[in-house]
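Read the figures in this text as sums done on the coordinates, not as results from a lab. The structure displayed is predicted, hence computed values, not measured ones. All Cβ positions, glycine included, derive from the backbone under ideal geometry; neighbour counts span all protein chains shown.
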Amino acid sequence: MNPDKARSPDVRHRIPSTRLGREGPEITRLGLGTWAIGGPYEYGWGPVDDTASVRTVLRAVDRGLNWLDTAPAYGCGHSEEVVGKALRQLGTRERPLVFTKCGRVWDTAHPGKVVSDLRPESIRQECEASLKRLGVDRIDLYQIHRPDTRTGTPIEDSWATLAELVDEGKVRWIGLSNVDGELLDRCVAVRHVDSLQPSLSLLDRRSLPLLDRCRDHGTGVIAYSPLASGLLTGAFDRERVASLAPDDWRRKSAKFAEPELTRKLAVVDALRTIAGSLGHTVPELALAWVLSRPGVSGAIVGARLPGQIDGWAGAAAVTLSDGTLREIEAAAGS
Ligand SMILES: NC(=O)c1ccc[n+]([C@@H]2O[C@H](COP(=O)([O-])OP(=O)(O)OC[C@H]3O[C@@H](n4cnc5c(N)ncnc54)[C@H](OP(=O)(O)O)[C@@H]3O)[C@@H](O)[C@H]2O)c1
C-alpha cells in the first residue's frame with residue numbers, strides 16, 4: 001500500500017502527540033495559533049468576529065488539539081481575551097494547554113503600536129496581565145516573543161526572570177521565539193529551554209539548521225506560520241491578495257507582493273498536483289512536511305473560522321514517503 005495513502009480512518013479525536021522537548025508537556029502535533037483573531041493593531045489581519053473566533057477555539061478543542069498559542073501583542077491583549085472567553089465556555093471540560101508570550105508591549109499614547117521590552121519588571125507586569133486576560137491560574141508555556149534590542153536588557157536577565165516565574169508557580173514551562181543559535185545557547189547556560197518557536201514552512205526554511213541545536217539541548221520545537229500565513233492553504237491567488245482588508249498586515253508584506261508572490265503561487269500549484277495525486281489537500285501536505293522535519297515537535301496553525309481547522313486537522317496523521325518528501329522539496333525549490 002502506498003504509505004502516503006495510509007491515513008487513520010478517524011482522525012477526529014486522535015491527533016498524534018509527542019513530548020515537547022526533554023521536560024515539556026505531551027502536546028498534539030498540531031496546535032491552534034491565535035494571532036489572526038487578535039483584531040486590529042499594527043500587525044492585525046483585518047476585521048475579526050469575536051463570536052466566530054471563540055467558536056474556532058472551541059472547534060480546535062473538539063478536534064482534539066490540546067494546546068493554543070497566543071501572545072499579548074496579538075491585538076494588544078485582544079487575542080488573549082478571546083482565548084480566555086473560549087476557555088470559560090468550556091465549563092467543566094478539560095482545557096487545552098495555553099501558551100503565551102512576553103516582551104512586546106504597547107501604550108495608550110501610540111494605539112496599536114507594539115515595541116520590545118524584556119526588562120524583568122516589564123515581564124512580571126505582562127505575566128500578571130496575561131493571567132488575568134486568559135483567566136487561568138498558571139500559564140502552561142511562557143515564551144520570549146522576540147529579542148529586545150530596544151532597552152538593552154541582556155537576554156540572560158530576561159530568561160532568569162522567566163525561570164523565577166516557574167519557581168513561583170506562575171508558569172509551568174518556558175521557551176524562546178525568534179532567536180538565533182547564539183541567544184539560545186546563552187539562555188541554556190542560565191536554565192533549560194523547554195521550547196523554541198521559529199518560523200518554518202516550505203516557503204521559509206531558514207530555521208532548519210537550528211533544529212539540531214535544539215535536539216542537542218533537549219529543547220522542543222513548535223513551528224510557526226507553517227502555512228506561510230495562508231499562502232500554503234491553496235486558497236490564495238492574486239485576486240485574493242488584492243482583496244485583503246486594507247488593515248491586513250499581509251497587504252504590506254513583501255511575502256505577498258511581487259516578485260515573491262509569483263514564485264510562491266507557482267510552488268503552491270506544484271504542491272496541488274502532488275497533493276491531488278495522493279488524495280490530500282495542499283495544507284495537509286504543507287503541514288505534514290513541517291512535522292516530518294527531525295526535531296519538530298509540533299506546528300502552530302492559525303485559523304479564524306471553525307471550518308478552516310477541518311481543512312488541516314487531519315495533517316498530523318499523514319505520513320509522507322521519502323520519495324514524496326523529495327518531490328515536495330523539489331517543488332518548493334531552493
Ligand atoms: N512567535 C512569533 O513571532 C510568531 C509569528 C507568527 C506566527 N506565530 C504563531 O503561529 C501561528 C500560525 O501562524 P500564522 O497565523 O502566521 O499562519 P499560518 O498557520 O501559516 O496560516 C494561517 C492562516 O491561513 C488561513 N487558513 C487556515 N486554514 C485554512 C483553510 N483550511 N483554508 C483556507 N485558508 C486557511 C487563514 O487565513 P485567512 O483567515 O486570511 O484565510 C489563517 O489565518 C500564529 O497564529 C501565532 O500563534 C508566532
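In order along segment 173-178, the phi-based Karplus estimate (6.51 cos²θ - 1.76 cosθ + 1.60, θ = phi - 60°) of 3J(HN,Hα) comes to 10, 10, x, 10, 9, 6 Hz; Gly and Pro are listed as x. For segment 79-145, relative contact order (Cα pairs under 8 Å, six or more residues apart, normalised by length) works out to 46 percent.
Here the residues 69, 140, ranked from fewest to most Cβ neighbours within 10 Å of their Cβ, fall in the order 140, 69.
What's the magnitude of the charge dipole for the chain around its Cα centre, counting Lys and Arg as +1 and Asp and Glu as -1 at the beta-carbon? Answer in Debye, nearest 20.
Magnitude of the dipole: close to 620 debye.
Amide H contacts of residue 97: 67, 68, each under 5 Å away and 5 or more positions distant or on a separate chain (H built 1.01 Å from N in the peptide plane; Pro and chain starts excluded). The GNM of the chain, with springs linking C-alpha atoms under 10 angstrom apart, assigns the highest mean-square fluctuation among 110, 145, 192 to 110. For the chain, lysine pairs with C-alpha atoms less than 18 angstrom apart, excluding pairs fewer than eight positions apart on the same chain, total 8.
Taking the charge dipole of segment 135-214 about its Cα centre, with +1 at Lys and Arg Cβ atoms and -1 at Asp and Glu Cβ atoms, the residue from 160, 207, 174 reaching farthest to the positive side is 207. Would you work out if segment 106-153 is rounded, prolate or oblate? Take a ≥ b ≥ c from the square roots of the eigenvalues of the alpha-carbon gyration tensor; rounded if a/c is under 1.5, else prolate when a/b is larger than b/c, oblate otherwise. Verdict is oblate for segment 106-153.
The orientation-averaged shadow of the Cα convex hull for the chain, equal to a quarter of the hull surface, comes to 16.5 nm².
Of 249, 271, 143, whose Cα points farthest to the positive end of the dipole of the chain (charges on the beta-carbon: +1 Lys, Arg; -1 Asp, Glu; origin at the Cα centre)? Positive-end residue among those listed: 271.
Order by neighbour count: 256, 99, fewest other Cβ atoms within 10 Å first, most last.
Sorted ascending by nearby Cβ count, the order is 256, 99.
The amide H of residue 144, built 1.01 Å from its N in the peptide plane, has 102, 175, 176, 177 as neighbours under 5 Å, considering only residues 5 or more places off or on other chains.
From the square roots a ≥ b ≥ c of the eigenvalues of the alpha-carbon gyration tensor of segment 22-84, which class results: rounded (a/c under 1.5), prolate (a/b over b/c), or oblate? Note, shape of segment 22-84 comes out oblate.
Phi-derived couplings, Karplus 6.51 cos²θ - 1.76 cosθ + 1.60 at θ = phi - 60°, listed residue by residue for segment 299-311: 10, 9, 10, x, 7, 10, 10, x, x, 4, 4, 4, x Hz, with x used for Gly and Pro.
Between residue 220 and 21, 22, 195, 196, the built amide H atoms are under 5 Å apart, and every one of these is 5 or more places off in sequence or on another chain. Apply the a/c threshold of 1.5 to the C-alpha gyration tensor of segment 207-246 and tell me whether it is rounded, prolate or oblate. In terms of gyration-tensor shape, prolate. Only Lys, Arg, Asp and Glu carry charge here, each on its Cβ (+1 for the first two, -1 for the last two); on that basis segment 141-273 has a dipole of about 520 debye about its Cα centre. Since only 289, 21, 120 are under comparison, the one whose Cα sits farthest along the positive direction of the charge dipole of the chain, derived from C-beta charges on Lys, Arg, Asp and Glu, is 289. Taken about its Cα centre, segment 112-188 carries a charge dipole of roughly 380 debye when the Cβ of each Lys and Arg holds +1 and the Cβ of each Asp and Glu holds -1. Here the Gaussian network model covers the chain, with springs between Cα atoms less than 10 Å apart; of 90, 68, 184, 90 fluctuates the most. As a length-normalised measure over Cα pairs under 8 Å and 6 or more apart, the relative contact order of the chain settles at 23 percent.
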